[in-house]
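The values are calculated or read from the model by the stated rules, or taken from the named source; none is laboratory data. These numbers come from a predicted model, not from an experiment. All Cβ positions, glycine included, derive from the backbone under ideal geometry; neighbour counts span all protein chains shown. Ligands, DNA and RNA are stripped out before the accessible areas are found, and what is left, the full protein with its side chains, is counted by its heavy atoms. Shrake-Rupley method; radii C 1.70, N 1.55, O 1.52, S 1.80 Å.
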Amino acid sequence: MDLAYAVVRHDPPEVFVAEDVDTLQWVLAVRVVARTDPGRLSHDGRDALRAALLDEQWGEAVAAWIELSGVPIDVYPGGLQVETRATFSPELAAAEMQFAALFREP
């Protein structure tokens, strides 16, 4: 399974994982952007975020939030692998390791 993920660089950082980048944008819009204290935003900034959310422009809302808040969000549209017993077998690991790069002679 290949998942999309994002790191919101708050202190401490938050990590969000979704099945694809479209879902990830929606999650960030709902879990980060929409939960922003409106008192911390300018009137125009607040209105812009509200409009983007109401228009379901998730990516636009997230990008505007980054600019307004100054908090970076690193988005990785894929590449996070989830290993399960079906995809990784600890029982076969010893056999697999002997063919790994570390075990080749230089």
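Tally the residues that are among the small types (Gly, Ala, Ser) and open to solvent by 30 Å² or more (accessible area, probe 1.4 Å), restricting the search to segment 24-45.
Initial filter on segment 24-45 (among the small types (Gly, Ala, Ser)): 29, 34, 39, 42, 45.
Checking the rest, the ones that are also open to solvent by 30 Å² or more (accessible area, probe 1.4 Å) come to 34, 39, 42.
The total comes to 3.
For segment 77-86, the tally of residues that are touching a residue at least 12 places away in the same chain (Cβ under 8 Å) and open to solvent by 90 Å² or more (accessible area, probe 1.4 Å) stands at 2. Residues GLU56, GLU91: which one is surrounded by 10 or more Cβ atoms within 10 Å (Cβ to Cβ) and more than 17 Å from ALA4 (Cβ to Cβ)? Testing whether each residue is surrounded by 10 or more Cβ atoms within 10 Å (Cβ to Cβ) and more than 17 Å from ALA4 (Cβ to Cβ) leaves just GLU56. With respect to VAL15, is the statement that it is open to solvent by 80 Å² or more (accessible area, probe 1.4 Å), among the hydrophobic types (A, V, I, L, M, F, W, C) and at pLDDT 90 or above true? Answer is yes for this residue.
Screening segment 1-83 for helices (runs of 4 or more DSSP H) wholly inside it with 3 or more residues that are within 16 Å of the chain's Cα centre (by Cα) returns the ranges 21-28, 58-69. In this entry, ALA64 passes the filter for residues that are among the hydrophobic types (A, V, I, L, M, F, W, C), free of Cβ contacts under 8 Å to residues at least 60 places away in the same chain and crowded, with 17+ Cβ neighbours inside 10 Å.
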